[in-house]
Amino acid sequence: MDEENNNKREYLTPREQQMAGANLRKLVLTYSIPTVIGMLVSALYVVVDRFFVAQIPGIGDDALAGITLASPVVLILGSVSLLIGVGSAAKISIRLGEGDRAGAERILGNCFTLNLICSITLGIIALIFLEPILRAFGASDATLPHAYTYTSIKLYGALFMYLSWSMNHPIRATGNAKRFASAQLIGAISNIFLNPLFIFTFDMGIAGAGWSTVLAQSLSAIWVMLYYFRGDPAIRIRLKNMVPHLKTILTIFSVGVAPFFMQILGSAVAIIANRFLMQHGGDSAVAAFGAIAGVTALFVMPVFGIAQGSQPIIGFNYGAGDLGRVKTGYFWAAIYAVSICVIGAILLMTFPRQIMGMFVEDPQALEIGATGMRIMAWTLPVAAFQMNASTFFMSIGKAKWSVLLSVMRQGVFLIPLYFILPQFMGVMGIWWSTPIADITAFSVALLLILRQMKQLGKTIKNA
């Protein structure tokens with residue numbers, strides 16, 4: 001068996017040889033750093049939009065509340081993008097580990113086709129029903145015009161959003177973390193410069209925030225697609241593989257369903273939180289929540305970056321049957337992810353007012369937000385563990401456990417707490433719901449991970 005594996009590895013690309021044999025402590029870090037940078041800069045899409053929109057004279061707080069209320073629409077579209085992109089990436093890594101390059105390319109071709117179909121269809125549907133959707137999400141007469149303007153413009157660029165997000169994940173799956181990160185960097189850095197240019201210099205207001213994001217994502221999408229058609233990819237998009245294949249599509253969805261549910265539930269969480277915040281604290285509380293979400297993303301996105309950076313390593317070695325490297329790869333990913341959120345929790349709990357002051361001017365929003373940030377921040381490390389565990393199960397193709405962990409925190413714990421605690425605690429109930437849900441979900445994730453590690457250990461012992 002060892003001789004067969006060695007013969008098989010003679011045909012691996014240099015990156016695949018690295019995933020199969022390099023030191024895992026360094027390898028996880030090497031693969032994660034570009035992905036973390038990319039995800040961190042990607043989080044700046046949210047932060048930059050909210051920062052500059054909040055500075056618009058006369059309407060800053062209402063405009064910030066507006067794009068906060070609009071964010072679930074983009075999150076829902078993004079959830080389908082993750083369903084396709086992350087599901088494809090996980091299966092591509094396993095196929096490459098098995099030595100099935102043709103199977104990996106078939107998945108990639110169907111990934112591209114699904115992106116074209118879903119982005120255009122869902123973008124048109126969302127545009128047709130946008131106003132009632134935003135009303136249902138809690139938009140008031142003051143915030144609806146801003147939410148509608150911003151979201152409708154972003155929907156025009158749905159195709160570019162899908163190509164820049166979803167088609168980038170298979171690049172990461174082949175071990176090319178630097179190219180993955182560069183695509184995100186191009187989009188995010190462009191957005192940083194285009195936002196103030198469109199909003200203030202061109203005097204486009206909140207519409208400028210929308211158009212700057214669309215243009216930035218277009219540049220990112222072009223860079224992603226150039227890799228497949230003009231670069232030197234490990235796997236290529238071939239016309240014959242673009243024909244929809246039901247078994248391949250179901251394979252993609254079986255794994256991608258976990259991040260899909262996570263994103264959908266994230267949208268539901270934002271919608272429900274915004275409605276209760278509007279009820280108990282008004283537009284000021286919604287604006288504060290938007291600022292907290294944007295800042296927290298700066299620490300949560302690197303966690304996703306580490307999980308996704310380790311995913312091709314774990315998936316490849318699982319496909320190749322090297323379970324010892326699977327266990328070690330997960331261990332280092334968990335260590336790095338939790339460490340980032342420990343630092344984040346300390347910063348957010350120590351300087352909440354100073355951080356909130358960068359986003360809101362209203363004294364009431366500042367006070368509400370500083371309190372909320374301090375309460376919600378202290379469980380960031382356990383949330384990081386839970387998120388990393390969910391990605392681990394996805395990486396080894398165990399979708400049901402990944403889905404369970406994705407649904408557990410938000411669907412089983414957080415959303416019900418939103419309905420219960422605010423009835424007794426008002427806005428404070430929204431803030432306290434997050435740490436309670438984090439601790440409970442962490443307990444479940446820890447039990448599942450310990451169980452899986454024990455099973456892998458037995459398999460290694462009996463091999």
Positions within the stretch 71-91 being over 30 Å from Phe289 (Cα atoms) and open to solvent by 10 Å² or more (accessible area, probe 1.4 Å), in sequence order: Lys91
Scope the stretch 404-442; condition within 26 Å of Leu83 (Cα to Cα) and open to solvent by 30 Å² or more (accessible area, probe 1.4 Å); matching residues: Leu404, Val407, Arg409, Val412, Phe413, Pro416, Thr440, Phe442
Residue in the stretch 290-297 that is in contact (Cβ under 8 Å) with a residue 24 or more places away in the chain, surrounded by fewer than 22 Cβ atoms within 10 Å (Cβ to Cβ) and aliphatic (A, V, I, L, M) present: yes
Cβ pairs under 6 Å, 6+ apart, first in the stretch 341-369 and without any contact (Cβ under 8 Å) to a residue 60 or more places away in the chain, second basic (Lys, Arg) and open to solvent by 20 Å² or more (accessible area, probe 1.4 Å): Met349/Arg374; Pro352/Arg374
Check on Ile94, buried (at least 24 other Cβ atoms within 10 Å of the Cβ) and not acidic (Asp, Glu): yes
Conditions (1) modelled with pLDDT under 95; (2) in a helix (DSSP H, G or I); (3) over 30 Å from Ala90 (Cβ atoms); number of the one not met by Asp203: (2)
Qualifying residue in the stretch 57-68 (condition: within 30 Å of Arg275 (Cα to Cα), open to solvent by 10 Å² or more (accessible area, probe 1.4 Å), outside any helix (DSSP H, G or I) and in contact with a Gly (Cβ under 7 Å, 6 or more places away or on another chain)): no
Selection from the stretch 447-462 of residues that are in contact (Cβ under 8 Å) with a residue 12 or more places away in the chain and polar (S, T, N, Q): Gln452, Thr459
Residue check, Gly315 surrounded by 24 or more Cβ atoms within 10 Å (Cβ to Cβ) and under 22 Å from Ala399 (Cα atoms): yes
Residue that is modelled with the lowest pLDDT, among those in the stretch 221-236 that are open to solvent by 70 Å² or more (accessible area, probe 1.4 Å) and in a helix (DSSP H, G or I): Arg230
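Give me the residue from the stretch 279-289 that is out of contact with any Leu (no Cβ under 8 Å at 6 or more places or on another chain) and surrounded by 21 or more Cβ atoms within 10 Å (Cβ to Cβ) and, out of that set, nearest to Gly138 (Cα to Cα).
Result: Asp283.
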Number of the exception - Leu185 against (1) in a helix (DSSP H, G or I); (2) on the phi > 0 side of the Ramachandran plot; (3) open to solvent by 30 Å² or more (accessible area, probe 1.4 Å): (2)
All positions within the stretch 189-220 that are within 20 Å of the chain's Cα centre (by Cα), hydrophobic (A, V, I, L, M, F, W, C) and surrounded by 24 or more Cβ atoms within 10 Å (Cβ to Cβ): Ala216
Output for the stretch 173-187, where each listed residue is in contact (Cβ under 8 Å) with a residue 60 or more places away in the chain and hydrophobic (A, V, I, L, M, F, W, C): Ala173, Ala177, Phe180, Ala181, Ala183, Leu185
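The values are calculated or read from the model by the stated rules, or taken from the named source; none is laboratory data. Predicted model only: the values in this text are computed from it and were never measured. Because the Cβ atoms are built from the backbone with ideal geometry, glycine has one as well, and the counts that use them run over all protein chains shown. When the accessible area is computed, the model is the full protein with side chains, heavy atoms only, and any ligands, DNA or RNA have been set aside. Shrake-Rupley method; radii C 1.70, N 1.55, O 1.52, S 1.80 Å.
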